[in-house]
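First comes the structure, then the notes that go with it.
The values are calculated or read from the model by the stated rules, or taken from the named source; none is laboratory data. Here the structure is a predicted model, which is why all the values come from computation and not from measurement. Using ideal geometry, Cβ is built from the backbone for each residue, glycine included, and neighbour counts are taken over all protein chains shown.
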Amino acid sequence: MKVTFLGTGTSVGVPRVGCTCPVCASQDSKNKRLRCALHIQHSSHSILVDTGPDLRTQALTYGVNRVDAVLFTHGHADHLYGLDDVRCYCFDRDEPLPCYADERTMDRIHHVFDYAFDAHAPSATPQIELREIEGDFELFDLLVEPIYVYHGRLPVLAFRIGSFAYVTDTNRIPDESMDRLQDLDILVLDALRHKAHPTHFNLAQALDIVERLKPRKAYLTHIAHDLEHHATNASLPAGVELAYDGLVLEVTP
């Protein structure tokens, strides 16, 4: 299974519009962060995790030429509002593109993209089929385990596939969910900045979770402009790194 980070930035991306701080002004590609999204390739199948507003750029940059399914963590704009761009993946499909989400996120998709479900809408709409996530499910011979974490007061989904877990947009992981995140080879975890935040782990909190879960390797994502890539990496413990846009991991599912 090949995992590509399509984006590792916070909701406004990095550089941030109107900001001239050293990270936003940096020409280093690892300090340029599109909104968070993930691409998973397994056998001949292609899966997106979230469809943020940078999806078109991400797909063109990283050669995501086909998508067979989409997994949604939650319905915030920076994880959802590029959904219309999956239209291109629907042109050659005989069936609608399956999109997996919990009930709350499905309601949000119906509200924001109501035209996609209108039988009388023009043909240039995303042809999608929403499938509610209610527990573990199989997708292209992969066992997908949805795990609830909290983004402030909002429950959002993390996903575990074998020894790999993707846990973005969280500042609290309940004990039951921590139990389900044991024995990981690779953990991808939210780490926004140094300063505390009401809905995201800061760097110190993320490192505490890593220490408790003890994955073989941890990559931090959903990163704001406060964290310069190389300086931050130099301060991290062994086995922990900032992810960056375009990073590719080979994962045993």
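Given the residues 84, 94, which is the only one that is surrounded by fewer than 21 Cβ atoms within 10 Å (Cβ to Cβ), assigned to a helix (DSSP H, G or I), on the phi < 0 side of the Ramachandran plot and out of contact with any Cys (no Cβ under 6 Å at 6 or more places or on another chain)?
Working: 94 fails: assigned to a helix (DSSP H, G or I).
Residue meeting the stated conditions: 84.
Which one is farthest from residue 147 (Cα to Cα) among residues in segment 97-127 that are outside any loop (DSSP other than H, G, I, E, B) and modelled with pLDDT under 95? Outline the logic, then answer.
Narrowing segment 97-127 to residues outside any loop (DSSP other than H, G, I, E, B): 97-101, 103-112, 114-117.
Pick out the ones that are also modelled with pLDDT under 95 and you get 114-117.
Values: 114: 27, 115: 30, 116: 28, 117: 28 Å.
Taking the candidates together, the pick is 115.
Out of segment 64-81, which residues are in a helix (DSSP H, G or I), touching a residue at least 40 places away in the same chain (Cβ under 8 Å) and surrounded by 19 or more Cβ atoms within 10 Å (Cβ to Cβ)?
Going residue by residue through segment 64-81, those that are in a helix (DSSP H, G or I) are 77-80.
Adding the requirement that they be touching a residue at least 40 places away in the same chain (Cβ under 8 Å) leaves 77-79.
Within segment 64-81, 78, 79 meet the criteria.
Which of the residues spanning segment 107-139 are touching a residue at least 12 places away in the same chain (Cβ under 8 Å), surrounded by 11 or more Cβ atoms within 10 Å (Cβ to Cβ) and of a type in the set (Gly, Ala, Ser)?
116
Could you list, in sequence order, the residues of segment 155-164 that are over 14 Å from the mean Cα position of the chain (by Cα) and assigned to a strand (DSSP E or B)? Break it down stepwise before answering.
Applying the first criterion (over 14 Å from the mean Cα position of the chain (by Cα)) to segment 155-164 yields 155, 162-163.
The answer is 155, and nothing else.
For segment 52-99, enumerate the residues that are aromatic (Phe, Trp, Tyr) and touching an Asp or Glu at 6+ places or on another chain (Cβ under 8 Å).
Restricting attention to segment 52-99, the residues satisfying the condition of being aromatic (Phe, Trp, Tyr) are 62, 72, 81, 89, 91.
The answer is 72, and nothing else.
Filter the helices (runs of 4 or more DSSP H) completely within segment 165-253 down to those with at least 2 residues that are in contact with an Asp or Glu (Cβ under 9 Å, 6 or more places away or on another chain) and not hydrophobic (A, V, I, L, M, F, W, C).
Details: elements: 175-180, 203-213, 229-235.
Counting at least 2 such residues, we get 229-235.
Would you pick out the residues in segment 195-253 that are of a type in the set (Val, Ile, Thr) and closer than 28 Å to residue 144 by Cα? Walk me through how you get there before you give the answer.
Kept after step one, since they are of a type in the set (Val, Ile, Thr), are these residues of segment 195-253: 199, 209-210, 221, 223, 232, 240, 248, 251-252.
Scanning segment 195-253 gives 199, 209, 210, 221, 223, 240, 248, 251, 252.
Kindly indicate the residue of segment 180-224 that is touching a Gly at 6+ places or on another chain (Cβ under 7 Å) and of a type in the set (Val, Ile, Thr) and also farthest from residue 12 (Cα to Cα) among those meeting that condition.
199
For the condition touching a residue at least 60 places away in the same chain (Cβ under 8 Å), aliphatic (A, V, I, L, M), in contact with a helix residue (DSSP H, G or I) (Cβ under 9 Å, 6 or more places away or on another chain) and surrounded by fewer than 21 Cβ atoms within 10 Å (Cβ to Cβ), what is the one hit in 154, 142, 213, 192? Break it down into steps so the answer makes sense when it comes.
Details: 142 fails: in contact with a helix residue (DSSP H, G or I) (Cβ under 9 Å, 6 or more places away or on another chain); 213 fails: touching a residue at least 60 places away in the same chain (Cβ under 8 Å); 192 fails: surrounded by fewer than 21 Cβ atoms within 10 Å (Cβ to Cβ).
Being touching a residue at least 60 places away in the same chain (Cβ under 8 Å), aliphatic (A, V, I, L, M), in contact with a helix residue (DSSP H, G or I) (Cβ under 9 Å, 6 or more places away or on another chain) and surrounded by fewer than 21 Cβ atoms within 10 Å (Cβ to Cβ) holds for just one of 154, 142, 213, 192, which is 154.
With the requirement that a residue be in contact with a Leu (Cβ under 8 Å, 6 or more places away or on another chain) and either surrounded by fewer than 21 Cβ atoms within 10 Å (Cβ to Cβ) or modelled with pLDDT under 95 (or both), what does segment 46-60 give you?
The one that is in contact with a Leu (Cβ under 8 Å, 6 or more places away or on another chain) and either surrounded by fewer than 21 Cβ atoms within 10 Å (Cβ to Cβ) or modelled with pLDDT under 95 (or both): 57.
Would you check if there is a residue in segment 231-251 being closer than 19 Å to residue 6 by Cβ, touching a residue at least 24 places away in the same chain (Cβ under 8 Å), exposed (fewer than 14 other Cβ atoms within 10 Å of the Cβ) and among the hydrophobic types (A, V, I, L, M, F, W, C)?
Checked against the condition, which is being closer than 19 Å to residue 6 by Cβ, touching a residue at least 24 places away in the same chain (Cβ under 8 Å), exposed (fewer than 14 other Cβ atoms within 10 Å of the Cβ) and among the hydrophobic types (A, V, I, L, M, F, W, C), segment 231-251 yields at least one hit.
Is segment 137-154 home to any residue that is among the acidic types (Asp, Glu) and in a helix (DSSP H, G or I)?
We begin by selecting, within segment 137-154, every residue among the acidic types (Asp, Glu); these are 138, 141, 145.
Narrowing the set further to residues that are in a helix (DSSP H, G or I) leaves none.
Scanning segment 137-154 turns up no residue that is among the acidic types (Asp, Glu) and in a helix (DSSP H, G or I).
Which members of segment 66-112 meet the condition of being more than 29 Å from residue 44 (Cβ to Cβ) and among the aliphatic types (A, V, I, L, M)?
Result: 77, 112.
So residue 183 ticks every box in (1) closer than 17 Å to residue 251 by Cβ; (2) exposed (fewer than 13 other Cβ atoms within 10 Å of the Cβ); (3) under 20 Å from the mean Cα position of the chain (by Cα) but one. Which box is left unticked?
Among (1) closer than 17 Å to residue 251 by Cβ; (2) exposed (fewer than 13 other Cβ atoms within 10 Å of the Cβ); (3) under 20 Å from the mean Cα position of the chain (by Cα), the lone unmet condition for residue 183 is (3).
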